[in-house]
Amino acid sequence: MSQYLQNPITKKWIVFAPQRSKRPDVARGMEPVCPFCNGHENLTPPEVFRIGKGEPNKEGWDVRVIPNLYPITKIHELIIHSPDHRKNLMDLPPKQVRMIFEAYRARFLFHKAKGQVFLFHNHGKMGAESLPHPHTQLCVIPFEIPLEAGRLGDPNNLAFETGKFMVFCPRTSEWPFETWIAPKRRGFQFDEIDEAELTDFSSLVPQVLKKLGSKLDGEFAFNFFIYPGGDWYWRLIPRTVNRGGFELGTGIMVNTLDPKETIKLLTK
Ligand SMILES: [Zn+2]
């Protein structure tokens, strides 16, 4: 099982999770059959939630949630985006994207009393994706462990807005092409997202991913996460660059792209 360890000098935490090393590595051909595909429900641990038709652990689902076999934290779930092995958020119909975010909301609400509910998605090799079938991960982290993700503050460098949301690229972006989405209705946790916001958010996220993906060369690898505290936001980090010794040693990120350039891509 995982163990949280704190560096007594820096006070920073690590989580020691040796079970993670047993994960199948698709790149090395250790996962010939995809356990997340329709009809392979018997290859995963029993599901904890589904949206769609069918009996539990049988076909017919639209979005399926299962415990992770190789957890980082004590509670670690996988939200499988759809039965489709290839289509991700930018390729799926808006109705399906909405169901994925509905699943986020339901599982966030289910776990929020137990700790900080951290929802994140890895895409592409540079984004540390393990299984290629698109899925989001949910980890519950004890309240006493401080997270790197900071509070929202006042959004600056606005790219555009919709009825419910602001899309912006902060001046203090740490990564090229970094993009944030925050609701105009401030001060709420993600499980409090309302129906109209859910609909708006479900069209915004694919729109942002499509815009950036079409402008970047080669594989569009990225990570995103949802801030687990009050005043939620969504932060997208395209993984176009690796990190070097300067960043690792100093903790100071070197951003080489003016966020204004990202705004141009998003608004073209
Ligand atoms: Zn699959």
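For the stretch 221-268, which positions are touching a strand residue (DSSP E or B) at 6+ places or on another chain (Cβ under 7 Å) and over 25 Å from V117 (Cβ atoms)?
Those that are touching a strand residue (DSSP E or B) at 6+ places or on another chain (Cβ under 7 Å) and over 25 Å from V117 (Cβ atoms): T262, I263, L266, T267.
Is there any pair linking a residue in the stretch 246-260 that is surrounded by 10 or more Cβ atoms within 10 Å (Cβ to Cβ) to one that is aromatic (F, W, Y), with Cβ under 8 Å and at least six apart or on different chains, and which?
That search, which allows pairs on different chains as well, returns M253/W175; V254/F246; N255/W175; L257/F177.
Consider the stretch 81-132. How many of its residues are part of a helix (DSSP H, G or I) and within 16 Å of the ligand (Cβ to nearest atom)?
In the first step, residues of the stretch 81-132 are kept if they are part of a helix (DSSP H, G or I); the result is 94-111.
In the following step, the residues that additionally are within 16 Å of the ligand (Cβ to nearest atom) were identified as 96, 100.
Adding up the residues that qualify gives 2.
Quick test of your reading of the structure: P155 fulfils all but one of (1) modelled with pLDDT of 95 or more; (2) more than 22 Å from F220 (Cα to Cα). Name the failing condition by number.
The one condition P155 does not meet is (1).
Is it true that A159 is small (G, A, S) and touching a Cys at 6+ places or on another chain (Cβ under 9 Å)?
Values: small (G, A, S): yes; touching a Cys at 6+ places or on another chain (Cβ under 9 Å): yes.
So A159 fits the description; yes.
Counting only residues that are part of a loop (DSSP other than H, G, I, E, B) and small (G, A, S), which one in the stretch 211-268 is farthest from S130 (Cα to Cα)? Before the answer, list the steps.
Residues of the stretch 211-268 that are part of a loop (DSSP other than H, G, I, E, B), as a first pass: 216-221, 227-233, 239-244, 251-258, 268.
Keeping just the survivors that are small (G, A, S) gives 218, 221, 229-230, 244, 251.
Values: G218: 19, A221: 12, G229: 27, G230: 30, G244: 23, G251: 26 Å.
Out of the qualifying residues, it is G230.
Of all the residues that make up the stretch 178-197, how many are part of a loop (DSSP other than H, G, I, E, B) and either among the polar types (S, T, N, Q) or surrounded by 15 or more Cβ atoms within 10 Å (Cβ to Cβ) (or both)?
Residues of the stretch 178-197 that are part of a loop (DSSP other than H, G, I, E, B), as a first pass: 178, 184-189, 193-194.
Of the ones still in play, those that are also either among the polar types (S, T, N, Q) or surrounded by 15 or more Cβ atoms within 10 Å (Cβ to Cβ) (or both) are 178, 189, 193.
The total comes to 3.
Among L119, L89, which is the only one that is surrounded by 20 or more Cβ atoms within 10 Å (Cβ to Cβ), under 16 Å from the mean Cα position of the chain (by Cα) and within 24 Å of K215 (Cα to Cα)?
Numbers: L119 fails: within 24 Å of K215 (Cα to Cα).
Testing whether each residue is surrounded by 20 or more Cβ atoms within 10 Å (Cβ to Cβ), under 16 Å from the mean Cα position of the chain (by Cα) and within 24 Å of K215 (Cα to Cα) leaves just L89.
Out of everything in the stretch 24-41 that is within 12 Å of the ligand (Cβ to nearest atom) and among the hydrophobic types (A, V, I, L, M, F, W, C), what residue ends up being modelled with the lowest pLDDT? Spell out how you get there, then give the answer.
Initial filter on the stretch 24-41 (within 12 Å of the ligand (Cβ to nearest atom)): 26, 31-41.
Those left that are additionally among the hydrophobic types (A, V, I, L, M, F, W, C): 26, 33-34, 36-37.
Values: V26: 56, V33: 87, C34: 92, F36: 95, C37: 95.
For the stretch 24-41, the residue satisfying everything is V26.
Kindly indicate whether any position in the stretch 135-150 is crowded, with 16+ Cβ neighbours inside 10 Å, at pLDDT below 95 and out of contact with any Cys (no Cβ under 9 Å at 6 or more places or on another chain). Steps first, please.
Step one: filter the stretch 135-150 for residues crowded, with 16+ Cβ neighbours inside 10 Å, giving 135-141, 149.
Next, from what is left, pick out any that are at pLDDT below 95: 149.
Remaining after also requiring out of contact with any Cys (no Cβ under 9 Å at 6 or more places or on another chain): 149.
The answer is yes, given that some residue of the stretch 135-150 is crowded, with 16+ Cβ neighbours inside 10 Å, at pLDDT below 95 and out of contact with any Cys (no Cβ under 9 Å at 6 or more places or on another chain).
Hey, among the residues in the stretch 133-162 that are of a type outside the set (A, V, I, L, M) and touching a Leu at 6+ places or on another chain (Cβ under 8 Å), which one's farthest from the ligand (Cβ to nearest atom)? Talk me through it step by step, then tell me what you get.
As a first pass, look at the stretch 133-162 and keep what is of a type outside the set (A, V, I, L, M): 133-137, 139, 142-144, 146, 148, 150-151, 153-157, 160-162.
Cutting the leftovers down to touching a Leu at 6+ places or on another chain (Cβ under 8 Å) gives us 134-137, 160, 162.
Working: P134: 9, H135: 9, T136: 15, Q137: 16, F160: 34, T162: 32 Å.
Once the filter is applied, the top-ranked residue is F160.
Output yes when any residue across the stretch 53-65 is closer than 28 Å to L147 by Cβ, more than 16 Å from the ligand (Cβ to nearest atom), modelled with pLDDT of 95 or more and buried (at least 16 other Cβ atoms within 10 Å of the Cβ), and no when none is. Break it down into steps so the answer makes sense when it comes.
At the first step, the residues of the stretch 53-65 found to be closer than 28 Å to L147 by Cβ are 63-65.
Restricting the remaining residues to those that are more than 16 Å from the ligand (Cβ to nearest atom) gives none.
No, because not a single residue in the stretch 53-65 is closer than 28 Å to L147 by Cβ, more than 16 Å from the ligand (Cβ to nearest atom), modelled with pLDDT of 95 or more and buried (at least 16 other Cβ atoms within 10 Å of the Cβ).
The values are calculated or read from the model by the stated rules, or taken from the named source; none is laboratory data. Predicted model only: the values in this text are computed from it and were never measured. Note that we place each Cβ from the backbone using ideal geometry, even for glycine, and neighbour counts take in every protein chain shown.
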